[in-house]
Each structure stands twice: as structure tokens, then as C-alpha cells.
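Written below as C-alpha cells is the structure these notes are about.
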Amino acid sequence: TGQFLNGQATTFAHVLQKQGEQTQDQVQLALWRGLQRPPQPDEVQRGVRLLETLTRQYKISADKALEYFCLLVLNMNEFVYLD
């Protein structure tokens with residue numbers, strides 16, 4: 001359910017925050033763990049831009065923005081479906 005996945009995204013974000021403080025490092029680690037492959041540089045850049053947009057333009061806290069990004073990763077087709 002949506003509630004379950006939102007909870008998992010929050011937990012995922014907390015794990016990432018413990019691993020490092022740099023946004024780029026958190027995005028890279030989230031993508032690596034979620035997709036089980038090294039993320040491409042453009043994927044990391046898009047993630048960082050998304051977090052920056054959420055915090056600057058939409059005034060969302062950095063913690064909440066990271067949770068939203070984690071939710072995005074958990075909903076990516078590459079995470080959900082096995083090739």
C-alpha cells in the first residue's frame with residue numbers, strides 16, 4: 001500500500017543520512033542500492049537537481065525532500081520489475 005511504501009522511503013532516507021551528509025553521495029547511494037548497479041552521472045545529477053528544487057522552490061525540508069527522492073527510487077520501473 002501507499003502507507004507501507006512511504007514508510008519504507010522514510011527508513012531508506014534515514015539510512016542514507018547516516019551514510020553521508022553530501023546530497024550527491026546520498027543520491028548516488030540511493031540509486032546504487034535501489035537499482036543494484038552503479039548509477040550513471042546524469043542520473044545522479046537529476047536526483048541532486050530534484051532535491052535542490054524541492055528545497056529551494058517548494059520550501060520542503062532537506063530531510064523530507066530526501067524521503068521523496070527515496071520514494072521515487074522505490075517506484076522506478078528498474079527497481080520494481082526484473083529484466
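The values are calculated or read from the model by the stated rules, or taken from the named source; none is laboratory data. This one's a predicted model, so the numbers in the text were calculated from it and none came from an experiment. Glycine also receives a Cβ, built like all others from the backbone with ideal geometry; neighbour counts cover every protein chain displayed. Protein only, heavy atoms only, side chains kept; ligands, DNA and RNA dropped before computing areas. Shrake-Rupley method; radii C 1.70, N 1.55, O 1.52, S 1.80 Å.
Quick notes
- Assessment of segment 35-58 against the conditions (at negative phi and in contact (Cβ under 8 Å) with a residue 40 or more places away in the chain) yields at least one matching residue.
- Of the candidates Val73, Val48, Val80, the single residue that is in contact with a Gly (Cβ under 9 Å, 6 or more places away or on another chain) and either open to solvent by less than 100 Å² (accessible area, probe 1.4 Å) or of a type in the set (Lys, Arg) (or both) is Val73.
- You will find that of Tyr58, Tyr68, the residue that is open to solvent by 80 Å² or more (accessible area, probe 1.4 Å) and either among the hydrophobic types (A, V, I, L, M, F, W, C) or not in a helix (DSSP H, G or I) (or both) is Tyr58 and no other.
- Hits in segment 31-45 (condition: surrounded by 11 or more Cβ atoms within 10 Å (Cβ to Cβ) and assigned to a helix (DSSP H, G or I)): Leu31, Trp32, Arg33, Gly34, Leu35, Glu43, Val44, Gln45
- Residue in segment 9-22 that is part of a helix (DSSP H, G or I) and of a type in the set (Asp, Glu) present: no
- Leu5 vs. criteria in contact (Cβ under 8 Å) with a residue 60 or more places away in the chain, over 12 Å from the mean Cα position of the chain (by Cα), surrounded by 13 or more Cβ atoms within 10 Å (Cβ to Cβ) and part of a helix (DSSP H, G or I): yes
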